[in-house]
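Worksheet: one structure, shown below.
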Amino acid sequence: MRHTLPPTVLTIFGITGNLSQRKLMPALYELERQKRLPEDFRIVAVFHGVPDVESVMQQTELQILRDHRDFDPDILASLRRFLVPVQMDSTNPDDFKTLRDCLKQLDEKVKHNRLFYLAIPPDIFTKVIQNLSSVGLNRPDLGVDVRVLVEKPFGNNLASSQELIKDLSKNFEERQVFRIDHYLAKETAQNILAFRFENPLVEGIWSRQFIDHIQITMAESIGIQGRVNFYEHMGALRDIIQNHLMQLVSLILMERPDSLSAHGIHKEKLRLLQSIERIKPQHVDEVAARGQYVGYRDEVAKEDTRTETFAALKLEVANTRWGGVPILLRTGKGLATTATEICVVFKDRLRAGSNDNLLVIRIQPNEGIFLKLLAKRPGFTDRLQPVNMNFLYQDSFSGTQPDSYQRVLIDAMRGDQSLFASSEEVTASWELLQPVLDAWMASDGSPELYEKGSWGPKAAEQLAANYGCVWFNPEPVADEEAAHPVSN
């Protein structure tokens, strides 16, 4: 029996692209396997050239097998029946009349909610948004909702993000815009609020009185994987810290919301982001570090490139709960392993600078939470030894957990914006990071080189040491290939 969701038409711009083939179509396959898609469901697949539905389905099958999932040809055939191909140029306003007519035909028997998924390069987001509006596809009908799903990046600086927000707001209401940060849809990220607020033991020690500092690391062992044009225009700070890590910061540090509704959560996340101390241009070198792995310049064929493949940042929150607690962020490619972890280091009044008491929330891979404590070693000794108390999702919860894109799609069909970034949050994040971007662009210096397989430049270690901290490095991952997320 299918789960109850309203009749929906999902229009995918970029059906033959990397994101659709590697993430969206496999997620839809899995949702169909679980019978979670609506009874009345269609996928309008936008092809720029001659539609080749069979090629899309073949690529979906290959990706499912690459992901080591069980493959069932009957489920793929069922998913295939949902597909409605449309040939059009997404930048040509006249072609959107074809899309409008197609959607009207699908609504002849049953009215459908409409989801428009922009799995396309960000430089044509605005054009597609305007074209949808030009033929009235942005307007909800009686009892029918219209939503647009936008992948990151949300601009590449403060000014461009504000321009994108302005263009979106001209054509869609804020409640219609779903800005996707797939990290927020990961099970461990979703559990942060429940873990913090529903366990009195944790909630009682979640403040500067007991916590020395907090580290958030997103490491990848791979390089840029041939994405030269994208990465040369982005770099690590824009690609990861501005969205993924700043969203995790807000979940870890925000106050308890009045309710766990989308409005309540966004209100407290925004309040937290706005309470982070602004970085003054003259202090950027004290709170930020950047690096570039050896070999990157050869990959991009640009000897003088100053794009950072590693970025580290120290933040501080100016409120009564967190004032004085360093918040350390770092991300990089070509590092020793692949993992995303939040590490909360507790104060040790007897051993200053100790990392013996800490809590680690692992977002990916091997999702879970573990606590590191001290215990007396067995035998005739008073010596202490660190011990781990582990909780792994795969051990505690039976069944397959939905991946982040399954959750993104289901929440969009429900109209639940809890796990999507608001325009105000995006703006607040860019406002925080713009001084760092400006300082790096104005600097004559280059990112510090670091070897692949290391933990980044020496400057990052010094940054942590300046605030009495030592980085906690995630454990190596057994299956590196399975650990790598698809970033945009």
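The values are calculated or read from the model by the stated rules, or taken from the named source; none is laboratory data. On a predicted model such as this, the values are computed, not experimentally measured, just so you know. Neighbour counts are summed over all protein chains in view; Cβ atoms, including those assigned to glycine, are modelled from backbone coordinates with ideal geometry. Ligands, DNA and RNA are stripped out before the accessible areas are found, and what is left, the full protein with its side chains, is counted by its heavy atoms. Shrake-Rupley method; radii C 1.70, N 1.55, O 1.52, S 1.80 Å.
Rundown of residues vs (1) open to solvent by less than 10 Å² (accessible area, probe 1.4 Å); (2) more than 17 Å from Arg147 (Cβ to Cβ), yes/no style:
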residue: Leu5; (1), (2): no, no
residue: Thr8; (1), (2): yes, no
residue: Asn18; (1), (2): no, yes
residue: Met25; (1), (2): yes, yes
residue: Tyr29; (1), (2): yes, yes
residue: Glu32; (1), (2): no, yes
residue: Glu39; (1), (2): no, yes
residue: Ile43; (1), (2): yes, no
residue: Val50; (1), (2): no, yes
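Looking only at the range 53-68, how many residues end up being open to solvent by less than 60 Å² (accessible area, probe 1.4 Å) and touching a helix residue (DSSP H, G or I) at 6+ places or on another chain (Cβ under 9 Å)?
Here the count works out to 7.
Which of (1) modelled with pLDDT under 90; (2) open to solvent by less than 80 Å² (accessible area, probe 1.4 Å); (3) among the acidic types (Asp, Glu) does Glu448 not meet, given it meets every other one?
(1)
Can you name the residue in the range 148-196 that is closer than 12 Å to Val426 by Cα and of a type in the set (Ser, Thr, Tyr) and, of all such residues, is surrounded by the most Cβ atoms within 10 Å (Cβ to Cβ)?
Ser161
From the residues in the range 347-367 that are open to solvent by less than 30 Å² (accessible area, probe 1.4 Å) and modelled with pLDDT of 85 or more, which one is farthest from the chain's Cα centre (by Cα)?
Leu358
Working carefully through the options Arg42, Arg33, find the one that is of a type in the set (D, E, K, R) and touching a strand residue (DSSP E or B) at 6+ places or on another chain (Cβ under 6 Å). Step through it out loud before you land on a result.
Details: Arg33 fails: touching a strand residue (DSSP E or B) at 6+ places or on another chain (Cβ under 6 Å).
None of the other options fit; the residue is Arg42.
Please tell me if Val228 is open to solvent by less than 50 Å² (accessible area, probe 1.4 Å), touching a strand residue (DSSP E or B) at 6+ places or on another chain (Cβ under 9 Å) and not polar (S, T, N, Q).
Working: open to solvent by less than 50 Å² (accessible area, probe 1.4 Å): yes; touching a strand residue (DSSP E or B) at 6+ places or on another chain (Cβ under 9 Å): no; not polar (S, T, N, Q): yes.
No, not satisfied.
Provide a single number: the residues in the range 287-325 that are open to solvent by 10 Å² or more (accessible area, probe 1.4 Å) and either part of a loop (DSSP other than H, G, I, E, B) or among the hydrophobic types (A, V, I, L, M, F, W, C) (or both). Spell out how you get there, then give the answer.
Step one: list which residues in the range 287-325 are open to solvent by 10 Å² or more (accessible area, probe 1.4 Å), which gives 287-288, 290, 294-295, 297-304, 306-308, 314, 316, 318-321, 323-324.
Keeping just the survivors that are either part of a loop (DSSP other than H, G, I, E, B) or among the hydrophobic types (A, V, I, L, M, F, W, C) (or both) gives 287-288, 294-295, 300-304, 306-308, 316, 318-321, 323-324.
Qualifying residue count for the region: 19.
Test of understanding: among Ser275, Ser259, which residue is in contact (Cβ under 8 Å) with a residue 40 or more places away in the chain and either of a type in the set (Gly, Ala, Ser) or surrounded by fewer than 16 Cβ atoms within 10 Å (Cβ to Cβ) (or both)? Please lay out each step first, then the result.
Numbers: Ser259 fails: in contact (Cβ under 8 Å) with a residue 40 or more places away in the chain.
Only one candidate passes the filter, namely Ser275.
Give me the pairs: first residue in the range 232-247 and more than 11 Å from Lys152 (Cα to Cα), second residue in a helix (DSSP H, G or I) and open to solvent by 10 Å² or more (accessible area, probe 1.4 Å), beta-carbon distance under 7 Å, and six or more apart or on different chains, which are they?
From the range 232-247, the pairs are Glu232/Val300.
In the range 414-431, what count of residues is obtained for those that are open to solvent by less than 10 Å² (accessible area, probe 1.4 Å) and charged (D, E, K, R)?
First, the residues of the range 414-431 that are open to solvent by less than 10 Å² (accessible area, probe 1.4 Å): 420-421, 425-426, 428-430.
So of that shortlist, the ones also charged (D, E, K, R) come out as 425.
Number satisfying all stated conditions: 1.
Specify the residue that is modelled with the lowest pLDDT; the eligible residues are those in the range 231-256 that are buried (at least 19 other Cβ atoms within 10 Å of the Cβ) and over 16 Å from the mean Cα position of the chain (by Cα).
Residues of the range 231-256 that are buried (at least 19 other Cβ atoms within 10 Å of the Cβ), as a first pass: 231, 234-254.
Subsequent filtering for residues that are over 16 Å from the mean Cα position of the chain (by Cα) retains 231, 253-254.
Values: Tyr231: 90, Leu253: 96, Met254: 94.
Per the criteria, the residue is Tyr231.
For the range 206-215, which positions are in contact with a strand residue (DSSP E or B) (Cβ under 7 Å, 6 or more places away or on another chain) and either under 30 Å from Tyr117 (Cα atoms) or open to solvent by 20 Å² or more (accessible area, probe 1.4 Å) (or both)?
Taking the range 206-215 first, the residues in contact with a strand residue (DSSP E or B) (Cβ under 7 Å, 6 or more places away or on another chain) are 210-215.
Result: Phe210, Asp212.
Results for (1) closer than 16 Å to Phe116 by Cβ; (2) modelled with pLDDT of 95 or more; (3) hydroxyl-bearing (Ser, Thr, Tyr), shown as yes or no for each residue.
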{"site": "Ser55", "(1), (2), (3)": "no, no, yes"}
{"site": "Glu61", "(1), (2), (3)": "no, no, no"}
{"site": "Leu65", "(1), (2), (3)": "no, no, no"}
{"site": "His68", "(1), (2), (3)": "no, no, no"}
{"site": "Asp74", "(1), (2), (3)": "no, no, no"}
{"site": "Thr91", "(1), (2), (3)": "yes, no, yes"}
{"site": "Asp94", "(1), (2), (3)": "no, no, no"}
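Could you check Ile124 against (1) open to solvent by 50 Å² or more (accessible area, probe 1.4 Å); (2) out of contact with any helix residue (DSSP H, G or I) (no Cβ under 9 Å at 6 or more places or on another chain); (3) under 28 Å from Gln417 (Cβ atoms) and say which number it fails?
Of everything listed in (1) open to solvent by 50 Å² or more (accessible area, probe 1.4 Å); (2) out of contact with any helix residue (DSSP H, G or I) (no Cβ under 9 Å at 6 or more places or on another chain); (3) under 28 Å from Gln417 (Cβ atoms), Ile124 misses just condition (1).
Say whether the condition of being under 30 Å from Arg238 (Cα atoms) and in contact with a helix residue (DSSP H, G or I) (Cβ under 7 Å, 6 or more places away or on another chain) is met by at least one residue in the range 102-116. Outline the logic, then answer.
Let us first name the residues in the range 102-116 that are under 30 Å from Arg238 (Cα atoms), namely 115-116.
With the extra rule that they be in contact with a helix residue (DSSP H, G or I) (Cβ under 7 Å, 6 or more places away or on another chain), the set shrinks to 115-116.
Yes, the conditions are met somewhere in the range 102-116.
Looking at Glu481, Glu461, can you tell me which residue is modelled with pLDDT under 85 and either closer than 19 Å to Leu329 by Cα or loosely packed, with under 14 Cβ neighbours inside 10 Å (or both)?
One residue alone meets the criteria, Glu481.
Hey, does the range 217-225 have a residue that's in contact with a helix residue (DSSP H, G or I) (Cβ under 8 Å, 6 or more places away or on another chain) and either under 14 Å from Leu328 (Cα atoms) or free of Cβ contacts under 8 Å to residues at least 12 places away in the same chain (or both)?
Yes: one or more hits.
Exactly one condition in (1) more than 24 Å from Asp145 (Cβ to Cβ); (2) open to solvent by less than 60 Å² (accessible area, probe 1.4 Å); (3) among the hydrophobic types (A, V, I, L, M, F, W, C) is false for Phe96; which is it?
If we test Phe96 against (1) more than 24 Å from Asp145 (Cβ to Cβ); (2) open to solvent by less than 60 Å² (accessible area, probe 1.4 Å); (3) among the hydrophobic types (A, V, I, L, M, F, W, C), just (1) comes out false.
Can you tell me how many residues in the range 413-431 are in a helix (DSSP H, G or I) and under 20 Å from Tyr183 (Cα atoms)? Break it down stepwise before answering.
First pass over the range 413-431, keeping only residues in a helix (DSSP H, G or I): 413-414, 423-431.
Restricting the remaining residues to those that are under 20 Å from Tyr183 (Cα atoms) gives 413-414, 423-430.
Going through the range 413-431 one residue at a time, the tally reaches 10.
Among the numbered conditions (1) modelled with pLDDT under 90; (2) surrounded by fewer than 16 Cβ atoms within 10 Å (Cβ to Cβ), tell me where Met441 comes up short.
(1)
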